[in-house]
Amino acid sequence: MKPLILASASTRRHELLSRLGIDFEVRPAAIDESPQPGESAEALATRLALAKARAVNESHPGCRVLGADTVVAREETILDKPADAEQARRRLAALSGREHRVVTALALVEGEEVAQALVVTRLWFRTLDAEEIALYANRPEPLDAAGAYAVQGGAAAFVSRLSGSYTNVVGLPLAAVESLLHRARAGA
């Protein structure tokens, strides 16, 4: 089996992938992650996951490279990582009492072979008052997360309903990753 490389600097992805009990290295990809005009959350995540995997694969031939990208969107609005507490507050207010989706695209690249998956999880936040939004927005936690929240942290209390993969919302949909790796092993 060829070595596996995770093309991500995310500590959450590293921790989640470790749960599968497989050996891997971490090699973050340096790519431009800016969305294209009119690009949907699904298209953005898919494009970035593949770009990350291909960038790392170029410098590590003979390895399998797993790229992943997660995008949070409410309707067609992409809610990226906030730059400061005020942006976090605005993002959380936009999610309060509403449904949104967390989209993660995966790309497993080995030479010219590419296997991809797209996982979408829908979440509903309960209605949040201005005080709890401000308290959470002023913590460091929302500044390191798309959508301005970490479901595995303090924002767990905001989620009234979740439909889909919980690990997707944390940063890496493990069932989809295992499926991609299993298909790669079966094809080897």
Cα pair distances of region 105-188 binned at 10 Å [whole percent]: 15, 38, 24, 15, 6, 1
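Report the Stokes-Einstein translational diffusion coefficient (µm² s⁻¹, integer) for region 4-187, Rh taken as the Kirkwood radius over Cα pairs, at 37 °C with viscosity 0.692 mPa s.
Values: Rh = 16.7 Å.
Estimated diffusion coefficient is 196 µm²/s.
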Where in the chain lies the longest segment free of trypsin sites (Lys or Arg not before Pro) that are both loop residues by DSSP (not H, G, I, E, B) and have at most 14 other Cβ atoms within 10 Å? 20-97
Short version: ³J(HN,Hα) in whole Hz for each residue of region 75-86, in order, from phi by Karplus 6.51 cos²θ - 1.76 cosθ + 1.60 (θ = phi - 60°), x for Gly and Pro, what are they? 6, 9, 8, 7, 10, 7, 5, x, 7, 7, 5, 5
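Using the scaling law 2.2 N^0.38 Å as the reference, what is the normalised Cα Rg of region 29-90? All intermediate terms of the calculation are to be shown ahead of the outcome.
Values: Rg = 14.0 Å, N = 62, 2.2 N^0.38 = 10.6 Å.
That ratio works out to 1.33.
Within region 97-180, report the GluC sites (Glu not before Pro) that DSSP leaves as loop and that have at most 12 other Cβ atoms within 10 Å. Write out the running numbers ahead of the final one.
Numbers: sites: Glu99, Glu110, Glu112, Glu113, Glu131, Glu132, Glu178; in loops: Glu112.
Of the GluC sites (Glu not before Pro), the ones in loops of region 97-180 whose Cβ has at most 12 other Cβ atoms within 10 Å are Glu112.
If you stretched the chain out fully between Arg98 and Thr77, how much longer would it get, using 0.36 nm times the residue separation minus the C-alpha to C-alpha distance? Write down the numbers at each step before the final one.
On the way: separation 21, 0.36 × 21 = 7.56 nm, distance 1.30 nm.
Value of the extension gain: 6.3 nm.
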Max mean-square fluctuation residue, GNM over the chain, Cα-Cα springs under 10 Å, options Ala51, Ala68, Ala156: Ala156
Does anything in region 53-83 have its amide N under 18 Å from the 7 Å Cα→Cβ label point of Gln36, and if so which residues? 53-55, 69-71, 77-78
Among Pro37, Pro142, Pro61, whose mean-square fluctuation peaks in a Gaussian network model of the chain (Cα, cutoff 10 Å)? Pro37
Based solely on its DSSP helices, what 222 nm [θ] is calculated for the chain when runs of n ≥ 4 H residues each add -39,500 (n - 2.57) and the sum is averaged over all residues, nearest 500 deg cm²/dmol? -10500 deg cm²/dmol
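All of the numbers you see were taken from the coordinates with simple rules; none came from a lab. Small disclaimer: the values here were computed from a predicted structure and weren't measured. Neighbour counts run over all protein chains shown; Cβ positions are idealised from the backbone, glycine included.
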